[in-house]
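Just below is one structure, and these are the notes that go with it.
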Amino acid sequence: MPGRRQPPEPSFVELFTPKLVTVLREGYRLADFRSDAVAGLTVAIVALPLSMAIAIASGAGPERGLYTAIIGGFLISLLGGSRFQIGGPAGAFIVLVAATVDRHGIDGLLLATLLAGFLLLALGFLRLGTYVKFIPYPVTVGFTAGIAVIIFASQIKELLGLTLPGREPGEIVEKLHVLGGAIDTINPAAIAVAAGTIAIIAGLKRFRPSWPGLLIAVVAASAAAALLGLPVETVGTRFGGIPRSLPVPELPPISWDKVQAVLPDAIAFALLGAIESLLSAVVADGMTGRRHRSNCELVAQGAANIGSALFGGICATGTIARTATNVRAGARGPVAGILHAVFLLLFMLVAAPLASFIPLAALAAVLAIVAWNMAEKHEFAVLLRASRGDALVLLATFLLTVFRDLTEGIVVGFALGAVLFIHRMAEATGIEAEAPLVAEDEADGTTAQRTRYDPDLATNPEVVVYRITGALFFGAASTVGSVLDRIADQRRAFVVDLSAVPFLDSTAANTLAGAARKAAHRDVRFFITGASAGVRRTLIAHGVTAPGVEYRPTIADAVAEATAA
């Protein structure tokens, strides 16, 4: 607003101070530690089978998933810019990691992870984390759904207990062809274990959602397989179990030729790690009303990947499901994430031999559940209906991710999103002839033509009015979202005026939906005023509807209703 003094630019130290320090400065009590300990244990119970399953699906041993969760998870919580982020191996990396292992071996994977860590450090210290938020919403939904399909396809062999004559192909069409050719080797015992695991997880989620369904299901499947002597592969029969301690840290073999060979994989790891971790931090912000620091978070992700590589782990990143579990379990700050890593380490030290009894079909069932939850089915359907442009970006990203390459899917999706924005902007400029890009000076006109100034619009301390001018698209949505977060706190009502917005895209609609959810969480009434018919249709298509949002014709109408309540 004119005349308002801008806050001073934060210093380098302030920008990269971990949230752990911030939480401790605020005053950390014994009650907070107890809450964090309970949350950390809850997340560790979820992360234990998941970390091993992701590592196995990635072509590495189960112990490497635990190394990643322990070292990477510890460093992400210790140094990160989010209060609630839980780090570790992520399902989104399965495709990339498996391809890297296939091309360069485990040593190549460790070197790529190490290089990705340094790239993430550079992204953070150069303050490029902000630009990751510019990725359009249909692109994130498309590549997440694509990854979910690939993860499920990678688990069909274990779910059915198939025996293949050779290696399982990585490319999905060839993979399905090979799996179809081995259909006569189905193992009924493996199917029973997988089906039982899925049934227990789904049943507990429905009837006992507070119970650790993943761990209970895996323990039950392991006990059944061992006691009944079922002919199924286990962690012990394929990998010989897991070690009872962390390895001594060491650098992977490094040569200039090897660096050049794995650099494309490292770039892909860094790109996906940045996107995944910042998306996870945004989810935590939406659940808690807090705000993370993007660049500090990327620095922590970089340190975590360097640490994971030194200890023989795979790529580490912020994980959406485990972070959400952490928030729901009552975490107060990063100590919960640190304790989650400590609890996993204690499991390795004390109970590692028990992991040998875990059937691979049970871990495959866990990943099948993860894939089902990852595929944002509702959001996918909404975007398909929202507009032809959003549907094109979504489907292009999804299909390229599944059938070509994840990085290619993101790049093409982003490019299509930019072209779509240019097209929409040209349409808006042609239609809205009376609304130029820069408003010119106008005469005041006669007294009869003017509306009398209402000081309540600016001076009422319990009502905040925020007017957005111009096209609201993916490039501006993150900035607007951060502003909405800052000014909608501790008020009776919040009014967002869109009368000067010619159009908005799905990313912006999703941003406003998130702001409305936060307002409802704080018992703040959320009004949208002046929205044109087209803008309103887009918002409603993305769930920006009553009772969370109230639409009014003008700012004055919304303010009058808010102050009268």
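The values are calculated or read from the model by the stated rules, or taken from the named source; none is laboratory data. The model shown is predicted, which means the values in this text are computed figures rather than measured ones. All Cβ positions, even for glycine, are placed from backbone atoms using ideal geometry, and neighbour counts span all protein chains on display.
Does ARG525 meet the test of being surrounded by fewer than 16 Cβ atoms within 10 Å (Cβ to Cβ) and outside the structural domain of LEU279 (by TED's automatic domain parsing)? Step through it out loud before you land on a result.
Numbers: surrounded by fewer than 16 Cβ atoms within 10 Å (Cβ to Cβ): no; outside the structural domain of LEU279 (by TED's automatic domain parsing): yes.
Taking the combined requirement at face value, the residue does not satisfy it.
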* Is it true that some residue in the stretch 36-51 is surrounded by fewer than 24 Cβ atoms within 10 Å (Cβ to Cβ), modelled with pLDDT of 90 or more and charged (D, E, K, R)? -> no
* **Selected residue (only one of ALA69, ALA92 is small (Gly, Ala, Ser), farther than 24 Å from ARG244 by Cα and touching a residue at least 60 places away in the same chain (Cβ under 8 Å))** => ALA92
* Structure fact -> Flagged in the stretch 533-560 as among the hydroxyl-bearing types (Ser, Thr, Tyr) and either in a strand (DSSP E or B) or buried (at least 16 other Cβ atoms within 10 Å of the Cβ) (or both), in numbering order, are THR538, TYR551
* Would you check if there is a residue in the stretch 217-225 being over 21 Å from ALA47 (Cβ atoms) and surrounded by 13 or more Cβ atoms within 10 Å (Cβ to Cβ)? => yes
* Does the stretch 228-249 contain at least one residue that is of a type in the set (Ser, Thr, Tyr) and under 17 Å from LEU367 (Cα atoms)? -> yes
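Select, from VAL335, VAL402, VAL366, VAL393, the only residue that is at negative phi, surrounded by 23 or more Cβ atoms within 10 Å (Cβ to Cβ), outside the structural domain of LEU539 (by TED's automatic domain parsing) and touching a Gly at 6+ places or on another chain (Cβ under 6 Å).
On the way: VAL335 fails: touching a Gly at 6+ places or on another chain (Cβ under 6 Å); VAL402 fails: surrounded by 23 or more Cβ atoms within 10 Å (Cβ to Cβ); VAL366 fails: touching a Gly at 6+ places or on another chain (Cβ under 6 Å).
After ruling out the rest, the residue left standing is VAL393.
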* Asked: What is the number of the single condition among (1) part of a helix (DSSP H, G or I); (2) at pLDDT 90 or above; (3) β-branched (Val, Ile, Thr); (4) surrounded by fewer than 16 Cβ atoms within 10 Å (Cβ to Cβ) that VAL173 does not meet?
  -> (2)
* To do: Give the stretch 369-390 a look and list any residue that's surrounded by 21 or more Cβ atoms within 10 Å (Cβ to Cβ) and touching a Leu at 6+ places or on another chain (Cβ under 6 Å), or say none.
  => LEU383, ASP390
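Does any residue of the stretch 512-522 turn out to be more than 17 Å from VAL283 (Cα to Cα) and outside the structural domain of THR288 (by TED's automatic domain parsing)? Walk me through how you get there before you give the answer.
Within the stretch 512-522, the subset more than 17 Å from VAL283 (Cα to Cα) is none.
Within the stretch 512-522, not a single residue is more than 17 Å from VAL283 (Cα to Cα) and outside the structural domain of THR288 (by TED's automatic domain parsing).
ILE156: more than 23 Å from the chain's Cα centre (by Cα), more than 30 Å from VAL13 (Cβ to Cβ) and surrounded by 14 or more Cβ atoms within 10 Å (Cβ to Cβ), yes or no?
Values: more than 23 Å from the chain's Cα centre (by Cα): yes; more than 30 Å from VAL13 (Cβ to Cβ): yes; surrounded by 14 or more Cβ atoms within 10 Å (Cβ to Cβ): yes.
When the stated conditions are applied, ILE156 passes them.
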* To do: Within the stretch 179-231, track down each residue that is among the hydrophobic types (A, V, I, L, M, F, W, C), under 30 Å from GLY166 (Cβ atoms) and not in a helix (DSSP H, G or I).
  => ALA182, ILE186, LEU230
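May I ask you to say which residue of TYR131, TYR137 is out of contact with any strand residue (DSSP E or B) (no Cβ under 6 Å at 6 or more places or on another chain), without any contact (Cβ under 8 Å) to a residue 24 or more places away in the chain and on the phi < 0 side of the Ramachandran plot? Break it down stepwise before answering.
Details: TYR137 fails: without any contact (Cβ under 8 Å) to a residue 24 or more places away in the chain.
Residue meeting the stated conditions: TYR131.
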* Asked: Mind checking whether some residue in the stretch 290-307 is without any contact (Cβ under 8 Å) to a residue 24 or more places away in the chain, in the same structural domain as ALA148 (by TED's automatic domain parsing), over 22 Å from PHE118 (Cα atoms) and surrounded by fewer than 18 Cβ atoms within 10 Å (Cβ to Cβ)?
  -> no
